Amino acid sequence: MTSTANGKVLLFGEHAVVHGCSAIAAGIPAGARATARPADSWQLAAPCWGVDVREGDGGRLGEALAVLAELADGEPKRITIESELPAGAGLGSSAAMAVAAIRALRQGDGEQPLSFDELWQAALRVERVFHGNPSGLDHAAAIRGGVFRFRRNTPLPDITPLRLGAPMYLVIGQAEAGADTGVMVARFSDRLQRCTRTGAAVLDAFRAIVEDAAEAISAAETERLGELMTINHGLLQGMGVSTPALDAACAAAVSAGASGAKLTGAGGGGCMIALCENENVRATVQQALDALCLATWAIHLPRTT
Ligand code: PMV
(Lines give C-alpha, C1' and ligand atoms only; values in the text may rest on other atoms or scores of the structure.)
Protein backbone atom coordinates (compact mmCIF):
# COMPACT_ATOMS: atom_id res chain seq x y z
CA MET A 1 0.00 0.00 0.00
CA THR A 2 1.48 3.40 -1.01
CA SER A 3 0.23 6.63 0.60
CA THR A 4 1.20 10.27 0.46
CA ALA A 5 1.24 13.38 2.67
CA ASN A 6 2.10 17.06 2.12
CA GLY A 7 5.03 19.11 3.29
CA LYS A 8 4.27 22.60 4.60
CA VAL A 9 5.48 26.15 4.93
CA LEU A 10 4.60 28.31 7.88
CA LEU A 11 3.42 31.61 6.45
CA PHE A 12 2.92 33.36 9.82
CA GLY A 13 3.10 32.72 13.56
CA GLU A 14 5.54 29.81 14.11
CA HIS A 15 6.77 29.56 17.71
CA ALA A 16 3.94 31.80 18.97
CA VAL A 17 1.62 28.92 18.00
CA VAL A 18 3.29 26.76 20.65
CA HIS A 19 2.11 29.36 23.22
CA GLY A 20 -1.54 29.31 22.13
CA CYS A 21 -1.54 31.98 19.39
CA SER A 22 -2.95 31.28 15.91
CA ALA A 23 -0.62 30.61 13.00
CA ILE A 24 -1.13 30.37 9.24
CA ALA A 25 0.30 27.43 7.30
CA ALA A 26 0.18 26.20 3.72
CA GLY A 27 0.53 22.63 2.54
CA ILE A 28 2.97 22.35 -0.38
CA PRO A 29 2.88 19.79 -3.19
CA ALA A 30 6.31 18.40 -2.23
CA GLY A 31 5.81 15.80 0.47
CA ALA A 32 6.40 12.16 1.32
CA ARG A 33 5.24 8.81 -0.10
CA ALA A 34 5.21 5.73 2.10
CA THR A 35 5.01 2.08 1.04
CA ALA A 36 4.42 -0.69 3.60
CA ARG A 37 5.32 -4.28 2.65
CA PRO A 38 5.26 -7.45 4.80
CA ALA A 39 8.68 -8.18 6.36
CA ASP A 40 10.20 -10.43 9.03
CA SER A 41 10.62 -7.50 11.45
CA TRP A 42 9.55 -3.84 11.67
CA GLN A 43 11.79 -1.61 9.55
CA LEU A 44 11.79 2.03 8.47
CA ALA A 45 13.89 3.10 5.48
CA ALA A 46 14.15 6.55 3.92
CA PRO A 47 17.05 6.38 1.43
CA CYS A 48 16.46 10.06 0.56
CA TRP A 49 17.48 11.00 4.13
CA GLY A 50 20.00 8.19 4.73
CA VAL A 51 17.64 6.50 7.21
CA ASP A 52 17.45 2.72 7.76
CA VAL A 53 16.28 1.56 11.20
CA ARG A 54 14.96 -1.75 12.51
CA GLU A 55 12.81 -2.93 15.39
CA GLY A 56 14.76 -2.52 18.64
CA ASP A 57 17.05 0.26 17.33
CA GLY A 58 17.45 3.27 19.60
CA GLY A 59 17.46 6.96 18.72
CA ARG A 60 14.48 9.05 17.69
CA LEU A 61 13.93 7.12 14.45
CA GLY A 62 13.98 3.80 16.30
CA GLU A 63 11.44 5.21 18.77
CA ALA A 64 9.28 6.59 15.95
CA LEU A 65 9.30 3.14 14.33
CA ALA A 66 8.17 1.58 17.62
CA VAL A 67 5.23 4.04 17.77
CA LEU A 68 4.31 3.29 14.14
CA ALA A 69 4.37 -0.46 14.86
CA GLU A 70 2.08 0.08 17.87
CA LEU A 71 -0.31 2.19 15.80
CA ALA A 72 -0.43 -0.44 13.02
CA ASP A 73 -1.15 -3.23 15.47
CA GLY A 74 -0.49 -6.05 12.96
CA GLU A 75 2.15 -8.15 11.22
CA PRO A 76 5.63 -6.54 10.84
CA LYS A 77 6.18 -4.35 7.78
CA ARG A 78 9.07 -2.62 6.05
CA ILE A 79 8.03 1.02 5.60
CA THR A 80 9.86 2.79 2.78
CA ILE A 81 9.70 6.57 2.49
CA GLU A 82 10.44 8.60 -0.63
CA SER A 83 10.53 12.38 -0.42
CA GLU A 84 11.82 15.44 -2.19
CA LEU A 85 11.72 17.45 1.08
CA PRO A 86 15.02 18.16 2.84
CA ALA A 87 15.04 16.56 6.30
CA GLY A 88 14.83 18.85 9.33
CA ALA A 89 14.81 22.11 7.39
CA GLY A 90 11.41 23.43 8.52
CA LEU A 91 9.34 22.06 5.63
CA GLY A 92 7.55 19.43 7.69
CA SER A 93 9.51 16.35 6.61
CA SER A 94 8.94 14.36 9.83
CA ALA A 95 5.21 15.13 9.85
CA ALA A 96 4.86 14.18 6.16
CA MET A 97 6.71 10.93 6.89
CA ALA A 98 4.51 10.16 9.91
CA VAL A 99 1.22 10.84 8.12
CA ALA A 100 2.18 8.97 4.92
CA ALA A 101 3.40 5.98 6.98
CA ILE A 102 0.24 5.84 9.14
CA ARG A 103 -1.93 6.02 6.02
CA ALA A 104 0.09 3.22 4.39
CA LEU A 105 -0.18 1.04 7.51
CA ARG A 106 -3.77 1.66 8.51
CA GLN A 107 -5.65 2.28 5.31
CA GLY A 108 -6.12 -0.73 3.03
CA ASP A 109 -6.78 -0.42 -0.72
CA GLY A 110 -10.34 0.68 -1.42
CA GLU A 111 -11.07 1.35 2.28
CA GLN A 112 -12.66 4.53 3.60
CA PRO A 113 -9.89 7.15 4.19
CA LEU A 114 -8.96 7.69 7.85
CA SER A 115 -10.65 10.77 9.30
CA PHE A 116 -8.62 13.94 9.95
CA ASP A 117 -9.19 13.55 13.71
CA GLU A 118 -7.97 9.95 13.83
CA LEU A 119 -4.91 10.66 11.69
CA TRP A 120 -4.05 13.84 13.61
CA GLN A 121 -4.13 12.06 16.98
CA ALA A 122 -2.05 9.15 15.65
CA ALA A 123 0.57 11.36 13.95
CA LEU A 124 0.86 13.47 17.13
CA ARG A 125 2.32 10.41 18.87
CA VAL A 126 5.05 10.13 16.23
CA GLU A 127 5.72 13.89 16.14
CA ARG A 128 6.15 13.90 19.94
CA VAL A 129 9.12 11.55 19.50
CA PHE A 130 10.78 14.07 17.18
CA HIS A 131 9.73 17.42 18.66
CA GLY A 132 8.80 16.90 22.31
CA ASN A 133 5.84 19.26 22.56
CA PRO A 134 4.75 19.94 18.97
CA SER A 135 1.80 22.26 18.30
CA GLY A 136 0.53 19.72 15.75
CA LEU A 137 0.53 22.29 12.97
CA ASP A 138 2.99 20.38 10.78
CA HIS A 139 0.99 17.20 10.68
CA ALA A 140 -2.30 19.10 10.27
CA ALA A 141 -0.77 20.52 7.05
CA ALA A 142 0.58 17.10 6.08
CA ILE A 143 -2.94 15.65 6.36
CA ARG A 144 -5.10 18.35 4.80
CA GLY A 145 -2.91 20.62 2.63
CA GLY A 146 -4.33 24.02 1.59
CA VAL A 147 -3.90 27.33 3.43
CA PHE A 148 -5.39 27.48 6.91
CA ARG A 149 -5.33 29.09 10.34
CA PHE A 150 -4.40 26.80 13.19
CA ARG A 151 -4.69 27.18 16.95
CA ARG A 152 -3.79 24.60 19.58
CA ASN A 153 -6.75 23.18 21.46
CA THR A 154 -7.61 20.00 23.33
CA PRO A 155 -8.30 17.31 22.26
CA LEU A 156 -8.16 18.63 18.69
CA PRO A 157 -6.86 21.91 17.22
CA ASP A 158 -9.06 24.70 15.81
CA ILE A 159 -8.58 24.84 12.05
CA THR A 160 -10.06 27.46 9.72
CA PRO A 161 -9.40 27.17 5.97
CA LEU A 162 -8.46 30.50 4.35
CA ARG A 163 -9.67 31.65 0.94
CA LEU A 164 -6.94 33.10 -1.28
CA GLY A 165 -8.17 36.24 -3.03
CA ALA A 166 -5.16 36.07 -5.37
CA PRO A 167 -2.59 33.41 -6.22
CA MET A 168 0.51 33.41 -4.01
CA TYR A 169 3.91 33.16 -5.66
CA LEU A 170 6.49 32.03 -3.13
CA VAL A 171 10.13 31.07 -3.24
CA ILE A 172 11.47 28.78 -0.55
CA GLY A 173 15.22 28.99 0.04
CA GLN A 174 17.14 26.57 2.20
CA ALA A 175 19.73 28.93 3.65
CA GLU A 176 21.65 26.23 5.56
CA ALA A 177 21.17 22.92 7.37
CA GLY A 178 18.33 22.97 9.89
CA ALA A 179 18.52 22.96 13.68
CA ASP A 180 16.73 20.81 16.25
CA THR A 181 13.13 22.07 16.54
CA GLY A 182 12.98 21.25 20.28
CA VAL A 183 16.10 23.34 20.97
CA MET A 184 14.72 26.31 19.03
CA VAL A 185 11.31 26.06 20.73
CA ALA A 186 13.10 26.11 24.12
CA ARG A 187 15.18 29.14 23.11
CA PHE A 188 12.07 31.13 22.09
CA SER A 189 10.21 30.07 25.26
CA ASP A 190 13.13 30.98 27.57
CA ARG A 191 13.38 34.48 26.12
CA LEU A 192 9.60 34.85 26.37
CA GLN A 193 9.69 33.98 30.08
CA ARG A 194 12.78 36.00 31.03
CA CYS A 195 11.42 39.16 29.38
CA THR A 196 7.96 38.87 30.97
CA ARG A 197 6.18 42.07 29.89
CA THR A 198 8.01 42.30 26.57
CA GLY A 199 7.32 38.61 25.92
CA ALA A 200 3.58 39.19 26.42
CA ALA A 201 3.72 42.17 24.03
CA VAL A 202 5.60 40.07 21.47
CA LEU A 203 2.87 37.39 21.59
CA ASP A 204 0.26 40.16 21.14
CA ALA A 205 2.19 41.35 18.08
CA PHE A 206 2.17 37.80 16.65
CA ARG A 207 -1.60 37.64 17.22
CA ALA A 208 -2.08 40.95 15.41
CA ILE A 209 0.13 39.83 12.50
CA VAL A 210 -1.96 36.70 11.99
CA GLU A 211 -5.23 38.71 12.10
CA ASP A 212 -3.91 41.23 9.55
CA ALA A 213 -2.42 38.48 7.40
CA ALA A 214 -5.66 36.46 7.28
CA GLU A 215 -7.43 39.62 6.10
CA ALA A 216 -4.74 40.42 3.51
CA ILE A 217 -4.80 36.84 2.16
CA SER A 218 -8.51 36.95 1.37
CA ALA A 219 -8.36 40.58 0.15
CA ALA A 220 -5.48 39.77 -2.27
CA GLU A 221 -3.21 42.44 -0.73
CA THR A 222 0.20 41.06 -1.64
CA GLU A 223 2.15 44.17 -0.67
CA ARG A 224 0.62 44.28 2.84
CA LEU A 225 1.10 40.53 3.20
CA GLY A 226 4.78 40.89 2.29
CA GLU A 227 5.23 43.68 4.85
CA LEU A 228 3.64 41.48 7.50
CA MET A 229 6.07 38.66 6.61
CA THR A 230 9.02 40.99 7.06
CA ILE A 231 7.67 42.19 10.43
CA ASN A 232 7.13 38.56 11.47
CA HIS A 233 10.75 37.79 10.57
CA GLY A 234 11.96 40.75 12.65
CA LEU A 235 10.12 39.41 15.70
CA LEU A 236 11.54 35.91 15.24
CA GLN A 237 14.97 37.41 14.84
CA GLY A 238 14.53 39.42 18.04
CA MET A 239 13.48 36.26 19.84
CA GLY A 240 16.78 34.62 18.89
CA VAL A 241 15.67 31.98 16.38
CA SER A 242 17.06 33.46 13.16
CA THR A 243 20.66 33.20 11.92
CA PRO A 244 22.88 35.51 9.82
CA ALA A 245 22.38 33.20 6.79
CA LEU A 246 18.57 33.35 7.12
CA ASP A 247 18.67 37.14 7.61
CA ALA A 248 20.93 37.52 4.54
CA ALA A 249 18.63 35.37 2.38
CA CYS A 250 15.55 37.38 3.48
CA ALA A 251 17.33 40.69 2.77
CA ALA A 252 18.50 39.44 -0.65
CA ALA A 253 14.96 38.37 -1.58
CA VAL A 254 13.53 41.78 -0.69
CA SER A 255 16.36 43.56 -2.59
CA ALA A 256 15.53 41.41 -5.63
CA GLY A 257 11.92 42.62 -5.53
CA ALA A 258 10.04 40.30 -3.13
CA SER A 259 7.15 41.94 -1.27
CA GLY A 260 8.47 40.43 1.96
CA ALA A 261 10.41 37.50 3.39
CA LYS A 262 10.79 35.56 6.61
CA LEU A 263 12.31 32.42 8.02
CA THR A 264 9.84 29.53 8.04
CA GLY A 265 9.59 26.80 10.68
CA ALA A 266 11.70 26.51 13.77
CA GLY A 267 14.67 28.57 12.53
CA GLY A 268 18.25 28.26 13.76
CA GLY A 269 18.99 27.40 10.11
CA GLY A 270 16.80 25.69 7.54
CA CYS A 271 14.47 27.55 5.23
CA MET A 272 13.08 31.01 4.51
CA ILE A 273 10.22 32.07 2.24
CA ALA A 274 9.79 35.12 0.03
CA LEU A 275 6.43 36.37 -1.25
CA CYS A 276 6.37 37.77 -4.80
CA GLU A 277 3.82 39.90 -6.65
CA ASN A 278 3.83 37.75 -9.79
CA GLU A 279 5.63 35.00 -11.69
CA ASN A 280 8.26 37.36 -13.20
CA VAL A 281 9.29 38.74 -9.81
CA ARG A 282 9.32 35.19 -8.48
CA ALA A 283 11.83 34.15 -11.17
CA THR A 284 14.14 37.11 -10.34
CA VAL A 285 13.92 36.46 -6.59
CA GLN A 286 14.60 32.74 -7.07
CA GLN A 287 17.69 33.60 -9.12
CA ALA A 288 18.97 35.87 -6.33
CA LEU A 289 18.35 33.14 -3.76
CA ASP A 290 19.98 30.46 -5.92
CA ALA A 291 23.24 32.36 -5.46
CA LEU A 292 22.95 32.23 -1.66
CA CYS A 293 21.02 29.09 -0.74
CA LEU A 294 21.69 25.34 -0.73
CA ALA A 295 18.45 24.79 -2.66
CA THR A 296 15.37 26.77 -3.74
CA TRP A 297 11.83 25.82 -4.71
CA ALA A 298 9.11 27.83 -6.49
CA ILE A 299 5.66 27.44 -4.95
CA HIS A 300 2.42 28.59 -6.55
CA LEU A 301 -0.64 28.58 -4.31
CA PRO A 302 -3.65 29.09 -6.59
CA ARG A 303 -6.45 31.56 -5.91
CA THR A 304 -9.41 29.83 -4.29
CA THR A 305 -12.91 30.62 -5.48
O1 PMV B 1 10.64 23.60 11.76
P2 PMV B 1 9.41 22.80 11.89
O3 PMV B 1 8.82 22.37 10.59
O4 PMV B 1 9.54 21.66 12.84
O5 PMV B 1 8.28 23.81 12.47
C6 PMV B 1 8.19 24.05 13.82
C7 PMV B 1 7.12 25.06 14.09
C8 PMV B 1 7.16 25.54 15.54
O9 PMV B 1 6.09 26.49 15.67
C10 PMV B 1 8.47 26.25 15.83
C11 PMV B 1 6.98 24.40 16.53
C12 PMV B 1 5.57 23.80 16.52
O13 PMV B 1 5.45 22.70 17.11
O14 PMV B 1 4.61 24.41 16.03
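The values are calculated or read from the model by the stated rules, or taken from the named source; none is laboratory data. Every value quoted in this text rests on a predicted model; they were computed, and no experiment measured them. Cβ sites come from the backbone with ideal geometry, for glycine too, and all protein chains shown count toward neighbours. Each accessible area value is taken on the protein alone, full model and side chains, heavy atoms only, with ligands, DNA and RNA left out. Shrake-Rupley method; radii C 1.70, N 1.55, O 1.52, S 1.80 Å.
Within the shell of other residues whose beta carbon sits under 11 angstrom from the beta carbon of F148, the net charge comes to +4, with Lys and Arg scored +1 and Asp and Glu -1. GNM remark for the chain: springs join alpha carbons under 10 Å apart, and the peak mean-square fluctuation among I159, I143, I102 falls on I159. Diffusion coefficient of the range 30-126 by Stokes-Einstein, Kirkwood radius over Cα pairs, 37 °C, 0.692 mPa s: 245 µm²/s. Count the net charge of all other residues whose Cβ sits under 9 Å from the Cβ of H300, scoring Lys and Arg as +1 and Asp and Glu as -1. My count for the surroundings of H300 gives 0.
Using the Karplus relation 6.51 cos²θ - 1.76 cosθ + 1.60 with θ = phi - 60°, the per-residue 3J(HN,Hα) values for the range 276-293 come to 10, 5, 7, 5, 5, 4, 4, 5, 5, 5, 4, 4, 5, 6, 4, 6, 10, 9 Hz, with x marking Gly and Pro.
Every Cα-Cα pair in the range 97-141 was counted, and those over 11 Å apart are 65% of them.
Here the accessible area of the range 1-84 is 46 percent carbon and sulfur, with a 1.4 angstrom probe and all protein chains present. Inter-label distance, H300 to R163: 2.3 nm, where each label sits 7 Å from its Cα along the C-beta direction.
Per residue, the solvent-accessible area of the range 191-282 (1.4 Å probe, heavy atoms of protein chains only, all protein chains present) comes to 40 Å². A viscosity of 1.306 mPa s and a temperature of 10 °C, combined with the Kirkwood radius over C-alpha pairs in the Stokes-Einstein formula, give the range 209-304 a diffusion coefficient of 118 µm²/s.
For the range 101-158, the residue among Q112, A101, F150 whose Cα projects farthest onto the positive side of the dipole built from Cβ charges is F150. If you plug the beta carbon distance of A219 and R128 into 1/(1 + (r/R0)^6) with R0 = 35 Å, you get a FRET efficiency near 0.40. Considering only C48, C250, C271, the Gaussian network model of the chain with Cα springs below 10 Å gives its largest mean-square fluctuation to C48. Between amide H atoms placed 1.01 Å from N, distances below 5 Å from G270 occur with A175, E176, A177, G178, A179, all of them 5 or more places distant or on a separate chain. Computed over the range 13-150, relative contact order equals 33 percent, with contacts defined as Cα pairs under 8 Å that lie 6+ residues apart. Take every Cα pair under 8 Å whose residues are at least 6 apart in sequence, average their separation, divide by the length of the chain, and the relative contact order is 22 percent.
Could you tell me the center-to-center distance, by alpha carbons, between the range 4-67 and the range 219-245 in angstrom? Using only Cα atoms, the two centres lie 26 Å from each other.
Taking G270, G199, G88 in turn, the Gaussian network model of the chain (Cα-Cα springs below 10 Å) assigns the largest fluctuation to G199. Using a 1.4 Å probe over the heavy atoms of the protein chains, calculate the carbon and sulfur portion of the accessible area of the range 254-305 as a whole percent. Here carbon and sulfur together make up 51 percent of the probe-accessible area. Treating r as the C-beta distance of N153 and S115 and R0 as 25 Å, the FRET efficiency rounds to 0.90. Helical content of the chain, expressed as a calculated mean residue ellipticity at 222 nm, amounts to -14000 deg cm²/dmol (DSSP H runs of 4 or more residues, -39,500 (n - 2.57) each, divided by residue number, nearest 500). Averaging over all projection directions, the Cα-based convex hull of the range 74-165 occupies 7.6 nm² in the image plane. Normalise the Debye intensity by I(0) for the range 76-117, one equal point scatterer per Cα, no solvent, then take log10 at q = 0.16, 0.18, 0.22 Å⁻¹ and round to two decimals. Log-scaled intensity ratios, in q order: -0.50, -0.61, -0.82.
Alpha-carbon geometry of the range 164-227: the Rg and the Dmax are 15.6, 41 Å, given in that order. If you take the alpha carbon atoms of the chain and fit the smallest convex hull around them, that volume is 121 Å³ per residue.
As a length-normalised measure over Cα pairs under 8 Å and 6 or more apart, the relative contact order of the range 1-71 settles at 24 percent. Per residue, the range 1-106 exposes an accessible area of 35 Å² to a 1.4 Å probe, with every protein chain left in place.
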